[in-house]
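None of the figures in this text is laboratory data; all of them are computed from the coordinates on show. Here the structure is a predicted model, which means the values were calculated and not measured. Glycine gets a Cβ as well: all are built from the backbone with ideal geometry, and neighbour counts include every protein chain shown.
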Protein chains: 2
Amino acid sequence: MASRLVLALDETDPARALDIAKEVSPFVSKIKINYPLVLSAGLDIVTEISKFSKVICDFKVADIPNTNRLITEAVFSAGATGIIAHAFPGPESLKAIRAVDPSKEMYVVITMSHPKGGDFFKIEEFCSLALEVGATGVVAPATRPEDVAKVKNLIGDLEIISPGVGAQGGDPKETIKAGADFIIVGRGIYQADNPALAAEKYMSDMNIDD
Amino acid sequence: MASRLVLALDETDPARALDIAKEVSPFVSKIKINYPLVLSAGLDIVTEISKFSKVICDFKVADIPNTNRLITEAVFSAGATGIIAHAFPGPESLKAIRAVDPSKEMYVVITMSHPKGGDFFKIEEFCSLALEVGATGVVAPATRPEDVAKVKNLIGDLEIISPGVGAQGGDPKETIKAGADFIIVGRGIYQADNPALAAEKYMSDMNIDD
């Protein structure tokens, strides 16, 4: 089967980020990039990495519809295949992203992985919203597998991608059992002595029960 | 009195954005910059503009604490004097921003200006959170002056900055009367034939009743 692993490439040194992306690309399904890297390297880093891997821009877009649209246009023009957005600003903001290019992936954050990160998030309403706006999938935290299971029951066939594995403490197998389709690992790979080896190990561990 | 006007510089052409910023700077208290401009121009545009105006990065930061910290470090290193963040990822995410440099400005979004933009926002809880984490001020929408008044009653001496004037329909004087300290205007200035003249007019109109 295809890898269930997504690399969260939160390394901010551009040259090192690009090296890691290349080494790790055979073992991951996608590479997730966040603003800290883009702010240091420019959006060109998305274009560079998208030459050998699918790239999701985890920009947690959370603005008014017009700004969401402009951010999304920039991201897809640079070569990304997907974008991550917050549900919090409501349906109009998500629809503005979806309308840019419905052939691309849009993931909606249902709740977050850090301590107290989920206190204000409405899992049921945000899952409904994700379905309503035609999201590709949702983001739900591996640090709270019970939330992943709850989300799984609410979103039907939408994909679930789960961050919070490794440094934040989530367990990949438990998260997959709860319903996650893809597991996002960051520091456990990009800070490893041998990122490719670490990625291969994560990938194999995840697939072993299938 | 000092200008109550903040320019939302949502022009995405870097050269034009820089020209407008220069022309308009005598009439504004700060210039607010969002991701679409930074994605096209790079973070250097913040450094350029901060040579002649205070710059707030309206990045509506809404990530886990570590990512919030990295984004904030990048923004302040580039020369910005302030950053705008979302409250909904909770206190830990806001504290991570605040800890980067407490001498800089951190504004917390209490609710949003677009249609259905406030449905999930908890005005009372987010105002408490802004106070708890030591925010400089809060963002509340000129499109709903009743929300600005409500926020004013909840946040004591914190500043209120209000977007949604002009193209989105908010009225500056009504918003100031409701408690706003600064009014953010975007398209009404940067899309005007003469942005400096438009900014001067907005500035004078706002100060006339003082």
Q | Environment charge of A:Ala99, counting only residues whose C-beta is closer than 12 Å and scoring Lys/Arg +1, Asp/Glu -1 | A | +1
Q | Value at 222 nm in deg cm²/dmol, rounded to 500, when DSSP H runs of n ≥ 4 in the protein assembly as shown each add -39,500 (n - 2.57) | A | -12000 deg cm²/dmol
Q) In Å, the Kirkwood hydrodynamic radius of segment A:87-127 over pairs of distinct alpha carbons? A) 11.4 Å
Q.
I need the Kirkwood Rh of segment A:22-112: take the reciprocal of the average 1/r across all distinct C-alpha pairs and report it in angstrom.
A. 13.2 Å
**Q.** Debye, to nearest 20: dipole size of segment A:68-210, +1 on Lys, Arg Cβ, -1 on Asp, Glu Cβ
**A.** 320 debye
Q. If packing is taken as the mean number of other Cβ atoms within 10 Å per residue, what is the order of B:62-69, B:105-112, highest first?
A. B:105-112, B:62-69
Q: Distances from B:Glu174 to the same position in the other copies: list them in nm, one decimal, shortest first, using label points 7 Å from Cα along Cα→Cβ.
A: 5.2
Q | Per residue, the convex hull volume that the Cα atoms of segment B:93-210 enclose (Å³) | A | 118 Å³
Q.
Distances in nm, one decimal, shortest first, from B:Gly156 to the same residue in every other copy, taking the label point 7 angstrom along Cα→Cβ.
A. 4.9
Q) Given A:Gly117, A:Leu197, A:Ile155, which one lies farthest toward the positive end of the charge dipole of chain A, if we put +1 on the Cβ of every Lys and Arg and -1 on the Cβ of every Asp and Glu? A) A:Ile155
Q.
Can you give me the convex hull volume of the Cα atoms of the protein assembly as shown, divided per residue and expressed in Å³?
A. 124 Å³
Q. Between copies, how far does the label point of A:Asp13 sit from its twins, in nm, shortest first, when each point is 7 Å from Cα along Cα→Cβ?
A. 4.0
(Q) Residue by residue through A:112-122, how many Cβ atoms from other chains fall within 10 Å of the Cβ on average? (A) 6
Q. Looking at the P(r) of chain B, how many percent of alpha-carbon pairs lie beyond 26 Å?
A. 29 percent
